[in-house]
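Okay, structure first, notes after.
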Amino acid sequence: MARVTKDTLVAEAKRIGQEVAAQHAKDVDREGRFPVEAFDALKEAGLLSAWIPEEDGGAGATILEIGRATEELGKHCASTAMIFAMHQIQVACLVYHGTSDYMAGLRKRVADEQLLLASATTEIGIGGDVRRSTCAVEDHGDGTFVLVKNAPVISYAEAADIILVTARKSPDAAPSDQVLVLCEKADLTLEPTSTWDTMGFRGTCSPGFILTARSTTDHIIPHEYADISARTMLPVSHTLWAHSWLGIATSATSLARQFVRQAARRSGSTPPGALRLAELEVVLTSFQDRVHGAAQRYAELDPNDPAATAMGRAIYFNTLKVFASTTVVDVVARALLVVGIQGYRLDSPLTLDRHLRDAYGAQLMVNNDRILTNTAALASVYRGD
Amino acid sequence: MSDTLATIRTVLAEQGRLSVDAQTVSETADLYAAGLTSHATINVVLGLENAFDIELPDELLVKSTFETIAAISAAVESELGA
């Protein structure tokens, strides 16, 4: 099958969402398993390398198309959408910060082999602050290193081909003096330390592991992680996660519309629930515009421009995450009130079971309280003129 | 050493939570490599604004402004002269 282009990838993601992800979403959720069918289809279509430049074999897409593709997948399987988003976040780091020869070669391999990228940023003992590490790159002085990380969660670690791992630059570096290391499956051992049996996002398969990587120092991205985080990782994460949650919200709203339409046809008049649906549309449209606006704002600035580290930009993308993760719960709750008992039933075609469980996870993955605390500090010096 | 530099060093010593001595670190040393975090940067901004009675504009609230003592000094001098 032909690989997607920048112009066809959103339509292709929509097709895969409808024809593949939707078909397996219930089983992925029930079994808490990796959505292998959806990812086989995404790989076949070349969607895993959509953000890689065309000269390296990718589709040369921007965050605008990647965001829309994530949203399309989120309408059918939230786990598929979140994994797709997390993969693309790592691809963005490789595209904008992977300046070594090894990394240029890796971009081509991601395109040729449709490699799946994951990340291990959180660590036991740092209190959830991904901008600090305990583990460190231990350089052997001969061009090789070892890195051992006790990670409380690594999403889809066992399905991934490469895991991007944060660590202190060296054993005597400060906790905040971090680098990002590309660890290939062949260079990794993963020792499971917990299970992933959660309410939602069950298909992301995110248990804890003790990760050990033995590799060569050209696998370490030659930029400060603080810089990669501010310029790319944080704004892209929040933007793409928000698109996947918008997909959940859009799907829930669509079920509410179906319910009201059916009720209107039966009774021949506008049912009482239509008013709640109208209120829901008010919330959904502002949600759509905020999320799509964020992708636009990200796309307008080269991540390597000095202004990409501005505190005002950090506030903008922090508040995006808080807004999107709470609004998805609001939208699903409103949709449930419209649909009523048919939405509450597990055996109904209008069930909102997965929507509700998935939506609540959004506030917890990088806890909103942590993001708001960081934002409050930034707001104390930001004037916003 | 100018008064500006001395004051910047004092603010860094109080607010920067550096792993090196702020009084003796080189003007061109990378402060992020010396343990300056984005959170500590905010306290450094508040400390500088207080010490110099200035307001750093939003466009100066970028990472490169706080990379070295020399860069901080340039930002402070531009606001003192403004």
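The values are calculated or read from the model by the stated rules, or taken from the named source; none is laboratory data. Predicted, not measured: the structure shown is a model, and the values here were computed from it. Note: ideal-geometry Cβ built from the backbone for every residue, glycine included; neighbour counts use all protein chains shown.
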Q: Would you mind stating whether A:Ser155 is buried (at least 16 other Cβ atoms within 10 Å of the Cβ), part of a loop (DSSP other than H, G, I, E, B) and away from every other protein chain (no Cβ under 14 Å)?
A: yes
Q: For the stretch A:332-385, enumerate the residues that are in contact with a Leu (Cβ under 8 Å, 6 or more places away or on another chain), surrounded by 17 or more Cβ atoms within 10 Å (Cβ to Cβ) and within 14 Å of chain B (Cβ to nearest Cβ).
A: A:Val381, A:Tyr382
**Q.** Positions within the stretch B:46-82 being in contact (Cβ under 8 Å) with a residue 12 or more places away in the chain and within 19 Å of A:Ser229 (Cβ to Cβ), in sequence order
**A.** B:Leu61, B:Lys63, B:Phe66, B:Glu67
Q: Considering each residue of the stretch B:40-79, count those that are surrounded by fewer than 15 Cβ atoms within 10 Å (Cβ to Cβ), of a type outside the set (Asp, Glu) and within 10 Å of another protein chain (Cβ to nearest Cβ), and give that number.
A: 2
Q) For the stretch A:38-62, what are the residues that are surrounded by fewer than 23 Cβ atoms within 10 Å (Cβ to Cβ) and either closer than 21 Å to A:Arg357 by Cβ or touching a Ser or Thr at 6+ places or on another chain (Cβ under 7 Å) (or both)? A) A:Gly57
Q) Tell me, which helices (runs of 4 or more DSSP H) wholly within the stretch A:39-136 include 2 or more residues that are more than 16 Å from the chain's Cα centre (by Cα)? A) A:78-97, A:101-113
Q) Hey, does the stretch A:168-178 have a residue that's within 14 Å of another protein chain (Cβ to nearest Cβ), touching a helix residue (DSSP H, G or I) at 6+ places or on another chain (Cβ under 8 Å), buried (at least 20 other Cβ atoms within 10 Å of the Cβ) and in a strand (DSSP E or B)? A) yes
Q | Single residue of the stretch A:278-331 satisfying the filter (away from chain B (no Cβ under 14 Å) and among the charged types (D, E, K, R)) that is farthest from A:Leu64 (Cα to Cα) | A | A:Glu279
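Taking A:Ala274 as the residue in question, decide whether it is in contact with a helix residue (DSSP H, G or I) (Cβ under 6 Å, 6 or more places away or on another chain), of a type outside the set (Val, Ile, Thr), part of a helix (DSSP H, G or I) and in contact (Cβ under 8 Å) with a residue 40 or more places away in the chain.
So A:Ala274 does not fit the description; no.
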Q: Sort through A:Arg109, A:Arg68, A:Arg132 and tell me the only one that's at negative phi, surrounded by fewer than 23 Cβ atoms within 10 Å (Cβ to Cβ) and modelled with pLDDT under 95.
A: A:Arg132
Q | Tally of residues being within 11 Å of chain A (Cβ to nearest Cβ) and either surrounded by fewer than 19 Cβ atoms within 10 Å (Cβ to Cβ) or basic (Lys, Arg) (or both) across the stretch B:19-39 | A | 6
Q: Would you confirm whether any residue within the stretch A:92-110 is touching a strand residue (DSSP E or B) at 6+ places or on another chain (Cβ under 6 Å), over 23 Å from A:Gly200 (Cβ atoms) and aromatic (Phe, Trp, Tyr)?
A: no
Q) Right, A:Ala85: out of contact with any Pro (no Cβ under 6 Å at 6 or more places or on another chain), within 23 Å of A:Asp358 (Cα to Cα) and touching a residue at least 40 places away in the same chain (Cβ under 8 Å) or not? A) yes
Q) So A:Pro35 fits all but one of (1) in contact (Cβ under 8 Å) with a residue 24 or more places away in the chain; (2) farther than 23 Å from A:Ala252 by Cβ; what number is the exception? A) (2)
Q) Quick one: would you say B:Leu12 is more than 10 Å from chain A (Cβ to nearest Cβ), crowded, with 17+ Cβ neighbours inside 10 Å and not in a helix (DSSP H, G or I)? A) no
